[in-house]
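The values are calculated or read from the model by the stated rules, or taken from the named source; none is laboratory data. Values in this document were obtained by computation on a predicted structure and should not be read as measured data. Glycine also receives a Cβ, built like all others from the backbone with ideal geometry; neighbour counts cover every protein chain displayed. Please note that ligands, DNA and RNA were not included when accessible areas were found on the heavy atoms of the full protein model with its side chains. Shrake-Rupley method; radii C 1.70, N 1.55, O 1.52, S 1.80 Å.
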Amino acid sequence: MQTFEPVAEFGEAVVALDDDAAAIRSGLRAAGIGLFEYVLGASHLRVSARCAELLDRPGSHELPRSYVASLLHPDELDMLRAAAMRTAEGNGRAVVVHRVQLPGGQVRWLRTWLLAQHDARGRVTRWSGASELAEGAPETWSATRIATLDGAGLADVATRLQLATAAAGIGIHDFDIASGSIRWDARVREIWGVGPDEPVTYGTFMSGLHPGDLDRVDAAVRGSLDPQGDGTFSCEYRVVHRATRVVRWVHTTGRVTFTDGKAVRMVGTVQDISERKRLYDAVEAVQSRLQMALDASSTGLWSWDPLTDQMLWSPETHRILGVPEGVPTPTGTDFVAMIHPEDQAAAELEVELAVEQRRPYECEFRLIRPDGSLVWIAERGQAIRDESDGVLRVTGTVTNVTQRRRDEEAVRRGEERLRLALEAARAGAWDWDVRANEVLWSPEMFELFGIEHRTSPLTFAEFAATIDPRDLPAVEHAVAEALAGRTAQYRTEFRVIHPDGSCRWLTGLGKVQPGPDGRPLRMYGLNLDITAYKQLEEALQRADRQKDEFLAMLSHELRNPLAPIRTVARILESPLLDEAQIAWARQVIQRQVHHLALLLDDLLDVARITQGKLEIQRTPVTLQAVLEPAIEAVQPLLVERHHRLVLDLPPGPVEFRADPLRLSQVVSNLLANAAKYTNPGGRVELRARAEADGLVIEVVDNGVGIPADALPHIFGLFAQVDATRALSGGGLGVGLALVRGLLELHGGRVEAESDGPGCGSTFRAILPWSPDESVGEPPGPPSDAAPTAPLRVLVVDDNSDAADALGVLLQLAGHEVWVEHGGAEALRRAQAVTFDAAVIDIGMPDMDGYELARRLRELPAGRTMLLVALTGWGQASDKTRAAEAGFDEHLTKPVDTPELQAVLRLRQGGAPGPAPR
Ligand code: ADP
């Protein structure tokens, strides 16, 4: 073992020791040596743990200068001061044995090495030193003796130093710069693989270095030798063992001594740190892996000291919470303040509870970053406790879970939207676990299928039981096909019967999800209520059918009048026709053309109404002006079918605003239908009355009636009730559509009632009053058509239908009418009642019109009576004959009402009757 000049070697080596190197510290500690350092002018000394022990302040790292000074023995103060001075001025080192008086009164002998350090200009900047117990030091040692310690004492110190350095695994080097020679102790030589006696130079040192570190180390050595620098050397590098080529990491320290501004010597330590490096690398690898993991999961670390409220954050935590690393880390209070106000209380409570219950916690909250942005944070944490069970700190992690939260929110919203969509579409969703035969339904499904709501699963059979038996086989087939994998997706339409008996059309969409074995695992899908579509579809189909029927009917209807026209046209070609036959032919053609024209008018009107092109012209009008033309138009039909028309009209005149032509069309259509759909000899009643909400015109018949299921449809275009079609004797299913359209144009409506087939029908047209009308308003000025005063009129015709019809017309015109069917009855009536006028048919079996006229004129009242003749023949000879018989006027059948009116008005106007003869 190499020995050193004890005092100098030891002091410098100790001072050169890196105080931070734990191994060195523990080595020195094992050797019982404490270190201290005093920077000139500081209030405290830095002391190692052992030094603090020696000075009775275990656990301290710093001791006040005044405290240390107070320990020094008064008798030795001068000596110590002198030693310090010597180190400052001389070679910079001293060793003294001295006493310290501990606060408890105990006296301790210490051996202390003292070293002054200078700056480049030679001024002292600090003292460093080492102390150990000078055990067994004689009480009697005096300061002077101490100053002249003998060689034996020093040898003891050297041994101790070697022990200390060995314990710490530290070697010592001493580089004489001027000569270039280096002294290495055994430990250093061993690292380099240099023999014990082999001389060592700077070249030896450099030749052992790992090539990768050469330049760096050389630069560091040169730097420390620079007189302008602080003269310290500290460097970690690799050394390759000369023989074994084993590579080791060493940490070398050194302190350079300058003389006259020139570096002369460097002494220091060499420590094998391979193991530490290895551990460090391993730790670093683990740490970097951990860091990577934390980075990958966007996880930050934090720790909070409840005592000081201070927090420590990892860089990732700064990043996540949006607080730059430069600024002071927020305190615990600051951090809580960043939490969204709505989430604060819950988060704080969770942490408090977890700490109290000694368990880790996990919570999520929103946090508002300093830049105002909002993030979702998942925080995990746990309290760490000290020996006395107090909470030392709480530490944990934070993760940014904003994206996950957003995704969850998106899913939630998506579900909400689906729910809304299902609701809006009147749809329900289902999911059938095929193997367990469990069907899960969304709430809407129960409503669709009319099953009481429940949360437990249903079976397929329960579902099937709701389906209309007519549709069940098709549904089962579709499901079976899908389950067998023959269809990817199925679609069915079926009816379900609700407990109340009502029926709904549903459509079902389903898809099969196969399991890993390829067999169906589950089936899921949607059901939609398509009742409304189905109804529309049916309506469309019906309309389509009606259109076809209409076309067939139309061609029939057009052909009907064309046939007689064609026949008559051919007859007209004959040269042998007399005048009467030609007149007859003309009438046939006129009648048929008129019929065709009516048909086409109706069609055109309906077309105009549906296209919105028909306009009505409202004018003030009387009820009579509307009803009269209508009755007149259907009169021939009523007569032909031997119906009795009964009127039930309000007593006084009723005035209102309407389009008289169009309203007449409405009434005549209703009357014509009543006539058509009532077996011959029936009764048709025309009623009118003023009600609060409008004028009501009713046509009531005792005819074939209308089945209940047809009632809602009869007002549709081309609608006809099958059962009555044969009866109609022509018709296109246009009339009622026209009635409805015309009334709607008037702001009114039409209603139909019937107790069913054979029970007759009632049609009711309701016409609201115009704003300026009201019930009971005084009647307006009489229209031209209205008589100034009613006349008493006698109607005589053996054709009772014709007589009745004429009677109705005159009644409508406001006259008081008596109808008689034969001359004798008429004469009798005229003897009892005084008439203003009589309308008399000429051709009657018992007494003809001429005879009756002559007899009437013989009666006292008959002399001024207005007598009107009705004949089928309008020839001049007939007119002369009538005049001779006493008739005032002569009209040809069929009677034209306006003409008759005009004639009657002559009498009303007070015009003198023909001169009595
Ligand atoms: P059309 O009479 O040309 O067939 P409408 O539109 O006038 O057409 O009438 C439609 C259908 O309503 C008729 O085919 C008939 O079946 C029924 N209908 C109309 N009026 C009556 C009524 N008074 N009594 C019975 N059925 C009627």
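Here segment 307-372 has 57 percent of its accessible surface on carbon and sulfur atoms, given a 1.4 Å probe and all protein chains in place. Here the alpha carbons of the chain define both size measures, Rg and Dmax, at 65.0, 197 Å.
Of ARG683, ARG504, the order by accessible heavy-atom surface (1.4 Å probe, DNA, RNA and ligands excluded), from most exposed downward, is ARG683, ARG504. A Förster radius of 25 Å, combined with the Cβ-Cβ distance separating HIS713 from LEU598, puts the computed FRET efficiency at roughly 0.55. FRET efficiency for the THR232 to GLU364 pair, using the beta carbon distance and R₀ = 41 Å, is estimated at 0.20. Segment 655-673 and segment 50-113 have Cα centres spaced 136 Å apart. Segment 456-527 and segment 265-342 have Cα centres spaced 61 Å apart.
Potential lengthening of the chain between GLU415 and ARG618 amounts to 67.3 nm, from the contour at 0.36 nm per residue minus the alpha-carbon distance. Each eigenvalue of the Cα gyration tensor of segment 431-510, multiplied by 5 and square-rooted, gives one semi-axis; in descending order these are 20, 17, 10 Å.
Would you mind checking segment 427-449 for residues with the amide N under 19 Å from a putative spin-label position 7 Å along Cα→C-beta of CYS503? Residues passing the 19 Å test: 448-449. Under 5 Å between amide hydrogens, built in the peptide plane, is the criterion, and for ASP468 it picks out ARG495, VAL496, ILE497 among residues at least 5 positions away or on other chains. In percent, rounded to a whole number, the relative contact order of segment 504-617 is 16, using alpha-carbon pairs under 8 Å and six or more apart.
Extension gain, THR567 to THR834: 0.36 nm times the residue separation minus the Cα-Cα distance gives 91.1 nm. For segment 614-670, the fraction of C-alpha pairs farther apart than 17 angstrom is 43 percent. Here the gap between LEU745 and THR308, fully extended at 0.36 nm per residue and compared with their Cα-Cα distance, gives a gain of 148.4 nm. Surface calculation, 1.4 Å probe, protein heavy atoms: LYS511 sits at approximately 90 Å² accessible.
Ranking ASP334, ASP846, ASP174, ASP500 from most to least accessible surface, computed with a 1.4 Å probe over the protein chains only, gives ASP500, ASP846, ASP334, ASP174.
For segment 626-651 versus segment 388-433, the spacing of their alpha-carbon centroids is 78 Å. Based on C-alpha pairs under 8 angstrom that are at least 6 apart in sequence, the chain has a relative contact order of 5 percent.
A Förster radius of 22 Å combined with the Cβ-Cβ distance from ARG792 to ASP878 puts the calculated FRET efficiency at roughly 0.25. The trypsin sites (Lys or Arg not before Pro) of segment 608-659 meeting both criteria, a DSSP state outside H, G, I, E and B (loop) and at most 10 other C-beta atoms within 10 angstrom of the site's C-beta, are LYS613. Working from Cα pairs under 8 Å separated by at least six residues, relative contact order for segment 788-865 is 33 percent.
Expressed as a whole percent, the accessible area of segment 505-545 that falls on carbon and sulfur atoms is 58 (1.4 Å probe).
Sort ARG65, ARG187 from largest to smallest accessible area, using a 1.4 Å probe on the heavy atoms of the protein chains.
From most exposed to least exposed: ARG65, ARG187.
For the chain, the solvent-accessible area works out to 53 Å² per residue, with a probe of 1.4 Å and every protein chain left in place.
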